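Trainee: For reference, the structure I am asking about is given below.
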Amino acid sequence: MTEDPWQAKLSPAEFRVLRLGGTEPAFTGEYTDTETEGVYECRACGSELFRSDTKFHSGCGWPSFADADPAKVTLIEDRSMGMVRTEVRCANCDSHLGHLFKGEGIAPKDLPDQRYCINSISLRLKPKE
């Protein structure tokens, strides 16, 4: 899909983050502090990305997940902003989701020592029924 159909489907703020790789301001996203059980899907295409049982409060200002299905996300080296990070994209539609950080020691002990730091605007929560 070219960017034109995405512009028609997404709000300007969603388009800026999902298709242009932007970031929403910290502590402003609708899912930053959500504790609702369910599945987090890509807001652009609906692909299942994260489960609430791996979500944790990291204090970073964005929803944090300790794990993802490797078939559902694509990891790309990101050298922007004067640092080396790992960008996280939806494997289905190639939309920008956020970044992955490893070895911080802040994830709950029963989960992997990593943090998928994801923009709320990149996600849609499908609550558990």
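Trainee: Can you find, within the stretch 92-128, the residue that is nearest to ARG79 (Cα to Cα) among those that are β-branched (Val, Ile, Thr) and modelled with pLDDT of 95 or more?
Mentor: Going through the qualifying residues, I end up with ILE118.
Trainee: Against the definition (over 20 Å from PRO127 (Cα atoms) and part of a helix (DSSP H, G or I)), how does ALA107 come out, yes or no?
Mentor: no
Trainee: What residue, among those in the stretch 105-129 that are without any contact (Cβ under 8 Å) to a residue 60 or more places away in the chain and under 15 Å from the mean Cα position of the chain (by Cα), is surrounded by the most Cβ atoms within 10 Å (Cβ to Cβ)?
Mentor: Among them, the one singled out is ARG115.
Trainee: Can you name the number of the only condition in (1) over 20 Å from THR74 (Cα atoms); (2) touching a Leu at 6+ places or on another chain (Cβ under 9 Å) that SER11 fails?
Mentor: (2)
Trainee: Applying the selection to the stretch 40-76, what residues are aliphatic (A, V, I, L, M) and either assigned to a strand (DSSP E or B) or surrounded by fewer than 19 Cβ atoms within 10 Å (Cβ to Cβ) (or both)?
Mentor: LEU49, ALA71, VAL73, LEU75, ILE76
The values are calculated or read from the model by the stated rules, or taken from the named source; none is laboratory data. For clarity, every value in this text was computed on a predicted model and none was experimentally measured. Cβ atoms come from the backbone with ideal geometry, glycine included; neighbour counts cover every protein chain shown.
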